[in-house]
Amino acid sequence: ARSAVFAPLPQPGLIVVDEEHEASYKQSEGFRYHARDLALLRGQQQSLPVLLGSATPSLQSWQRAVDGKTTLLRLGRRTGGRPLPQVELVDMTQTPYRTLLSEPLLGALQATLERGEQSLVLLNRRGFAAFLQCGDCGRGFTCPNCDISLTWHRQQRRLRCHYCDYHQIPPESCPACGGTDLEPMGAGTERLQMELEKVFPDARIARMDRDTTGGKGAHRQLVEGMMAGRFDILVGTQMVAKGHDFPAVTLVGVVNADAPLNFPDFRAAERTFALLAQVAGRAGRGERPGRVLLQTYSCDHYLFGAVKTHDFEGFCRQELAFRRELGYPPFGYLVNLVLAGNDAQRVDRAAEELVAHLGPMPAGVELLGPAPCLLARLRGKHRRQILLKSSSRAPLHRLLSRLQTRKKPVPSGVSLTLDVDPVDMF
Ligand SMILES: [Zn+2]
Ligand SMILES: [Zn+2]
């Protein structure tokens with residue numbers, strides 16, 4: 001895990017950071033650090049070679065290689081010399097409203113079943129439905145602690161918050177209008193599995209997500225079941241994309257391929273590309289060629305063109321051009337100041353005072369905010385953020401040291417978190 005970067009080895013000869021693009025290398029709570037960046041620093045200090053490995057490098061690392069700060073080593077061939085799978089887009093704007101599984105994907109699943117081969121179907125949301133909504137008045141159910149809809153988990157018969165784990169049994173009728181028609185809206189893996197079981201009643205369908213892998217050995221059983229051919233279709237969240245090598249999988253379907261793209265984060269496209277390239281890479285690892293179907297509402301997005309042609313470098317060029325224009329990493333530096341507290345007005349006031357205290361911005365530094373965080377309330381705390389963006393690190397350091405000159409940068413009842421090089425900005 002990431003803390004291994006601190007291992008007190010007396011004489012290390014090499015540091016390897018595999019899957020270096022993984023966001024989980026950043027520890028975002030308590031002592032904040034990025035294990036990949038620390039590995040590079042440790043390598044520099046101890047004159048050690050550092051090897052970063054990934055099929056979809058982070059744009060940060062890619063740009064470093066482009067700039068000649070690191071050496072780029074290419075693996076020219078896919079494992080076992082297999083050809084890359086054929087990637088096709090399914091234009092969901094041409095399907096009836098609320099279609100979960102398109103005709104092309106169902107047809108491909110059918111054909112794969114008939115050939116006795118296996119399929120993976122990815123939908124990056126667990127639970128049955130994104131939320132429950134009253135069919136009469138439109139009321140939904142939100143978490144009492146967070147500004148977020150509760151996800152409907154049908155098997156557990158619970159409405160659940162995926163952030164604070166609050167859960168409740170849904171009421172029989174709408175608390176607002178008394179209507180009894182509570183409709184599940186949007187799909188999760190649980191619903192996907194159920195729909196597939198309806199269409200393919202004879203197929204053996206398993207599901208891999210956090211709900212089905214919580215028990216001891218459950219994840220291993222699913223993997224072994226796939227290897228032994230006990231399942232025909234494996235449905236799951238991004239868990240199914242991670243590193244598995246199932247030789248009999250010849251079809252990969254992604255239900256909502258553009259969903260992560262709509263996340264309001266400047267790394268959304270980078271992450272979506274990595275996820276899609278990774279899950280696509282699960283198809284055709286054995287003797288038979290693989291096929292990948294991506295259901296999307298944004299066929300024209302350059303990302304899908306690049307995924308289709310396995311053109312990582314083309315994607316990077318396009319994406320890096322945007323980043324350069326907007327001054328985002330790797331061409332700029334960010335610090336996110338997050339204020340949180342129980343009293344919304346107090347947090348607002350503290351944020352205003354903090355901006356005043358920072359004073360006028362030096363040249364090259366831009367201050368954005370204060371603004372509500374994407375999750376304006378999380379675990380009962382109201383949250384505001386101030387984002388500092390700069391073309392170089394030095395002025396950011398000077399600004400932050402200005403904060404330290406003050407005994408208490410924020411009043412009591414409000415907490416302040418400095419996140420340098422933030423990875424998640426919700
Ligand atoms: Zn209602
Ligand atoms: Zn919550």
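Solvent-accessible surface of protein heavy atoms, probed at 1.4 angstrom with all chains present, puts Asp67, Asp300 in the order Asp300, Asp67, largest first.
Across the alpha-carbon set of the range 333-420, the Rg to Rh ratio works out to 0.96, Rh being the Kirkwood radius. Cysteines in the chain lacking any other cysteine Cβ under 4.7 Å from their own Cβ: Cys164, Cys299, Cys316, Cys373. Computed from backbone phi with θ = phi - 60° and the Karplus coefficients 6.51, -1.76 and 1.60, the 3J(HN,Hα) list for the range 382-388 is 7, 10, 10, 10, 10, 9, 9 Hz; x is used for glycine and proline.
Compute the normalised compactness of the range 266-395: alpha-carbon radius of gyration over 2.2 N^0.38 Å, N being the residue count.
In units of the globular-protein estimate, the range 266-395 measures up at 1.45.
Per residue, the average separation of C-alpha pairs within less than 8 Å and at least 6 apart gives the chain a relative contact order of 16 percent. Mind jotting down the distance between the C-alpha centroids of the range 225-292 and the range 34-92, whole Å? Using only Cα atoms, the two centres lie 19 Å from each other. What number, rounded to the nearest 500 deg cm²/dmol, is the helix-based mean residue ellipticity at 222 nm of the chain, given -39500 (n - 2.57) per DSSP H run of at least four residues and division by all its residues? Computed ellipticity for the chain at 222 nm equals -8000 deg cm²/dmol. Amide H contacts for Ala376 (H built 1.01 Å from N in the peptide plane; partners 5 or more residues away or on another chain; cut-off under 5 Å): Asp147.
Remark on His244: its backbone amide H falls under 5 Å from none of the residues 5 or more positions apart or on other chains, H modelled at 1.01 Å from N. Derived scalar couplings between HN and Hα for the range 305-318 equal x, 6, 5, 4, 9, 6, 9, 4, 5, x, 4, 4, 4, 4 Hz in order, rounded to whole Hz, by the Karplus curve 6.51 cos²θ - 1.76 cosθ + 1.60 (θ = phi - 60°), x for Gly and Pro.
As a rough guide to protection, the peptides 212-222, 403-413, 149-159 ranked by mean Cβ packing within 10 Å, highest first, stand as 149-159, 212-222, 403-413. In straight-distance terms, cross-link reach from Lys407 covers every one of the aspartates and glutamates whose alpha-carbon lies under 18 Å from its own, apart from those fewer than eight places away in the same chain; here that gives Glu352, Glu353.
Taking square-rooted eigenvalues a ≥ b ≥ c of the alpha carbon gyration tensor, is the range 2-54 rounded, prolate or oblate, where a/c under 1.5 means rounded and, failing that, a/b exceeding b/c means prolate?
oblate
Taking the range 36-145, which trypsin sites (Lys or Arg not before Pro) meet the DSSP loop condition and have no more than 13 other C-beta atoms within 10 Å? Passing sites in the range 36-145 are Lys69, Arg74, Arg77, Arg98, Arg115.
3J(HN,Hα) couplings calculated from phi for the range 58-67 with the Karplus curve 6.51 cos²θ - 1.76 cosθ + 1.60 (θ = phi - 60°) are, in sequence order, 5, 5, 4, 6, 4, 5, 4, 5, 4, 6 Hz; Gly and Pro show x. Taking amide H positions as modeled 1.01 Å from N, with prolines and chain starts lacking one, the residues under 5 Å from Gly253 and 5 or more places away or on another chain are Leu120, Val121, Leu122, Leu293. Summary value for the range 2-54: 49 percent relative contact order, contacts being C-alpha pairs under 8 angstrom separated by 6+ residues. Each principal axis of the Cα cloud of the chain was taken in turn, and the coordinate range along them, longest first, works out to 69, 63, 43 Å. Length gained on full extension, Leu374 to Thr70: 106.0 nm, using 0.36 nm per residue less the C-alpha separation.
The values are calculated or read from the model by the stated rules, or taken from the named source; none is laboratory data. Quantities reported herein were computed from a predicted structural model and do not represent experimental measurements. We place every Cβ from the backbone using ideal geometry, glycine too, and count neighbours over all the protein chains shown. Only protein heavy atoms, including side chains, enter the accessible area calculation; ligands, DNA and RNA are left aside. Shrake-Rupley method; radii C 1.70, N 1.55, O 1.52, S 1.80 Å.
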